[in-house]
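Presented below is the structure to which this report refers.
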Amino acid sequence: MLPDNETRINDSAELWLDQAVTRYESDSSRLLQILHEVQERFGHISQQATGILAEKLDIPRARIESVASFYSFLHLKPHGEYRVLFSDNITDRMLGSEALMEQMCQLLWLQPGKVSEDGLVSINTTSCTGMCDQGPAMLVNGRAITRLSHQRVQEIAQLIRNRTPLADWPADFFRVEDNIRRSGLLLGNTLAYGEVLHAAVTAGAQQIVEVVKASGLRGRGGAGFPTGQKWEACRNAPGKEHYVVCNADEGEPGTFKDRVLLTRQADLVFEGMTLCALAVGASKGFLYLRGEYRYLLEPLHAVLQRRRDSNLLGISILGKPGFDFDIEIHLGAGAYICGEESALIESLEGKRGVPRSRPPFPVTHGYMQQPTAVDNVETFCQAALAVQMGAEKYRAIGTEKSSGSKLVSVSGDCAYPGIYEYPFGVTVREILQDCGAVNTRAVQISGPSGVCVPENEFNRKLGFEDLPTAGAFMVFDDSRDMFEVARNYVHFFAHESCGFCTPCRVGTSMLKQTMDKIANGHGTKHDLREIDKLDRVLQNTSHCGLGRTACNPVLHTLKHFRPAYENRLKSLDFKPAFDLDGSLARARQMTGRDDAGAHLKETE
């Protein structure tokens with residue numbers, strides 16, 4: 001029996017489902033991509049569609065529902081013809097996103113998180129959309145709209161009321177700028193596509209590994225593991241197949257450099273992946289593209305096809321027998337945790353993006369339990385440059401422990417947000433000067449999981465020996481409340497916890513409740529002590545890095561901006577999180593009593 005709000009799938013729709021499954025070779029490991037197509041076609045993944053897919057893929061229906069429910073961009077129930085998601089990143093809030101969302105809700109007579117009675121539209125928030133340099137931003141049916149204003153919100157509301165197809169909306173709504181403010185080694189390169197690969201094929205696989213090792217290149221995702229060492233370990237690992245995976249799921253709030261690289265340097269990304277394939281002996285590669293960057297999917301497919309036509313992908317690349325390699329793009333679906341490499345691999349295999357226990361590591365047991373080299377977009381670009389330049393020249397750039405250049409995503413309180421490229425060793429102060437920031441109170445380096453740097457530490461340097469970073473550089477001037485900044489980050493972690501391990505699932509929720517309690521004026525110094533306890537539990541017992549870093553925003557802002565917390569405390573003594581007297585307010589209203597006897601007395 002179908003629910004009342006579900007439309008029965010007709011014969012033509014069932015035929016389309018059959019063709020969709022056939023396109024993916026009835027491979028259940030590609031379930032996430034199939035579900036993407038189903039939702040784009042039908043608006044949601046209905047019970048009937050789930051049953052048909054389960055039969056055709058020969059997998060339990062429960063698995064399909066489990067996977068679909070894990071990703072925030074997939075829906076098992078209708079969410080309206082138009083699903084509007086306002087970016088809830090702190091920089092979007094600083095630009096007025098909350099007022100804009102309230103305006104749209106009023107214009108469409110709708111509450112946040114609800115679907116309109118006519119099934120036309122739903123409005124809600126989402127985590128960072130990767131558009132921090134041109135916010136406030138939103139997603140409408142998965143398509144990014146930038147530079148929101150009250151006028152633009154009015155126009156969008158009218159388009160929705162008129163049921164205007166997205167294809168007929170003004171193109172300027174969807175315009176995404178690259179905002180490259182400072183170029184260097186990577187963004188300023190003039191390499192022709194295929195140039196590095198031609199030279200590398202002659203040099204051979206072992207030479208590629210040796211050059212990357214000697215260059216000192218370290219992963220640009222923040223952890224900084226030596227890239228050459230990873231490739232060598234993958235090359236030497238036993239396995240029937242070897243794989244290359246590009247992590248383009250940059251979900252860290254404040255980071256958007258991969259968006260620009262995939263727009264401006266897509267060939268170099270694929271060149272780096274192909275070099276890696278030659279080095280590790282892989283014949284298959286995947287680029288895992290974050291769901292918010294859906295608009296880049298078709299352009300990237302076009303680049304891949306051009307490379308195939310130029311014999312830079314496919315069979316016997318550049319005439320080298322046995323050098324067979326191709327790349328497939330997988331689209332994410334709104335799960336920050338999939339930026340963690342083992343969770344990403346689980347998602348590639350058509351599962352929920354739950355991080356694996358490690359060891360073993362992906363270099364020996366990655367995709368399909370085979371040796372897999374996983375690096376992010378910027379790392380593959382830098383690897384191609386290192387091979388082209390040679391190890392010695394590349395290592396001469398940057399610092400002793402941090403060779404090469406680094407892309408920085410600058411957003412927040414500055415005149416010129418965008419992408420800046422520097423050799424490693426640049427100071428926080430230099431970047432602030434270049435981006436036109438004034439009266440800066442703090443900078444959040446590497447997103448919520450990174451480090452909050454106060455004014456007296458602006459001479460610190462970006463590099464693995466001081467401030468390692470995935471690239472986010474969020475600027476806050478002296479008008480900003482650093483408590484509210486940390487609180488936004490805490491809400492982000494609580495929302496994005498995959499729920500697999502109890503310490504993270506419960507701990508991030510407790511941290512969120514504690515911050516909300518302080519914000520509502522009910523906090524005490526006891527709550528600040530509880531935050532320290534939560535931090536120890538999360539750091540020592542969480543399954544993955546999300547839980548281990550979830551307390552960072554609070555601990556760092558407490559250290560440097562403690563008055564922002566203490567000024568909100570109700571008292572210096574313990575107060576329970578649950579206000580029993582307050583909860584009885586409705587009962588007093590119903591009985592018409594508000595005298596002293598109707599209130600609970602507080603014990604001194």
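Values quoted throughout were computed directly from the atomic coordinates according to the rules given, and no laboratory measurement underlies them. Just so we're clear, the structure is a prediction, and the values are computed from it rather than from any experiment. Here the Cβ is made from the backbone with ideal geometry for all residues, glycine too, and neighbour counts use every protein chain on show.
Restricting to DSSP loop positions (anything but H, G, I, E, B) with no more than 15 other Cβ atoms inside 10 Å of their own Cβ, which GluC sites (Glu not before Pro) remain in the range 254-348?
Taking the range 254-348 and a limit of 15 other Cβ atoms within 10 Å, no loop GluC sites (Glu not before Pro) are found.
For the chain, the longest principal axis of the alpha carbon atoms and the long axis of helix 61-70 meet at an angle near 70°. Close amide-amide hydrogen proximity is noted between Tyr82 and Val121, Ser122, each under 5 Å apart and 5 or more residues distant or on a separate chain (H modeled in the peptide plane; Pro and chain starts excluded). By DSSP, the beta bridges lying fully in the chain are antiparallel in about 45 percent of cases. Summarising the amide proton neighbourhood of Ser403: residues at separation of 5 or more, or on other chains, whose placed amide H is nearer than 5 Å comprise Arg218. Rounded to the nearest 20 debye, the dipole size of the range 82-176 about its Cα centre is 140 debye, using +1 on the Cβ of Lys and Arg and -1 on the Cβ of Asp and Glu.
Phi angles of the range 22-29 translate, via the Karplus equation with coefficients 6.51, -1.76, 1.60 and θ = phi - 60°, into HN-Hα couplings of 5, 4, 9, 6, 6, 9, 5, 5 Hz per residue; Gly and Pro are given as x. Of the trypsin sites (Lys or Arg not before Pro) found in the range 142-199, those in coil by DSSP whose Cβ has at most 16 other Cβ atoms within 10 Å are Arg147, Arg163, Arg175. Once the chymotrypsin sites (Phe, Trp or Tyr not before Pro) in DSSP loops with at most 13 neighbouring Cβ atoms within 10 Å are cut out of the chain, the longest remaining piece is 110-573. For Thr126, nonlocal amide neighbours, meaning residues 5 or more places apart or on other chains whose placed amide H falls under 5 Å from its own, are Phe86, Ser87, Asp88. Computed 3J(HN,Hα) for the range 452-464, one whole-Hz value per residue from the Karplus formula 6.51 cos²θ - 1.76 cosθ + 1.60 where θ = phi - 60°, is 8, 9, x, 4, 6, 10, 6, 8, 5, 10, 6, x, 5, glycine and proline marked x. The list [x] 90, 66, 47; [y] 103, 59, 54; [z] 72, 58, 47 gives values of Cα extents along the principal axes in Å, and only one came from this structure; which label was calculated from it? Here Cα extents along the principal axes in Å agrees with entry [x]. Computed from backbone phi with θ = phi - 60° and the Karplus coefficients 6.51, -1.76 and 1.60, the 3J(HN,Hα) list for the range 224-239 is x, 5, x, 5, x, 5, 5, 4, 5, 5, 5, 4, 8, 6, x, x Hz; x is used for glycine and proline.
Quick one: grab the alpha carbon gyration tensor of the range 11-70, order the square roots of its eigenvalues as a ≥ b ≥ c, and give me rounded if a/c is under 1.5, else prolate or oblate depending on whether a/b is larger than b/c.
rounded
Think of it as helices only: each DSSP H run of n ≥ 4 in the chain is worth -39500 (n - 2.57), and spread over all residues that comes to -12500 deg cm²/dmol at 222 nm. In angstrom, the C-alpha Rg and Dmax of the range 197-288 are 13.6, 41. With 10 Å bins beginning at zero, the pair-distance distribution over Cα atoms of the range 82-176 amounts to 17, 57, 25, 1 %.
Computed over all pairs of different Cα atoms, the Kirkwood value for the hydrodynamic radius of the range 405-480 is 11.9 Å. Cross-link pairs exceeding 26 Å between alpha carbons, from the set Lys512/Lys559; Lys77/Lys257; Lys230/Lys533: Lys77/Lys257; Lys230/Lys533.
The Cα-based radius of gyration of the range 388-536, divided by its Kirkwood radius, gives an Rg/Rh of 1.05. Simple point charges give the picture: +1 on the Cβ of Lys and Arg, -1 on the Cβ of Asp and Glu, and for the range 120-189 a dipole about the Cα centre of about 80 debye. Counting only residues at least eight positions apart within a chain, or on another chain, the aspartates and glutamates with an alpha carbon under 13 Å from that of Lys525 are Glu566, Asp573. In summary, the aspartates and glutamates within cross-link reach of Lys406, defined as a Cα separation below 13 angstrom excluding same-chain residues under 8 places away, comprise Asp258, Glu378, Glu421. If one computes P(r) from the Cα atoms of the range 182-395, what percent of pairs lie at distances over 30 Å? Looking at the range 182-395, the distances longer than 30 Å represent 14 percent of pairs.
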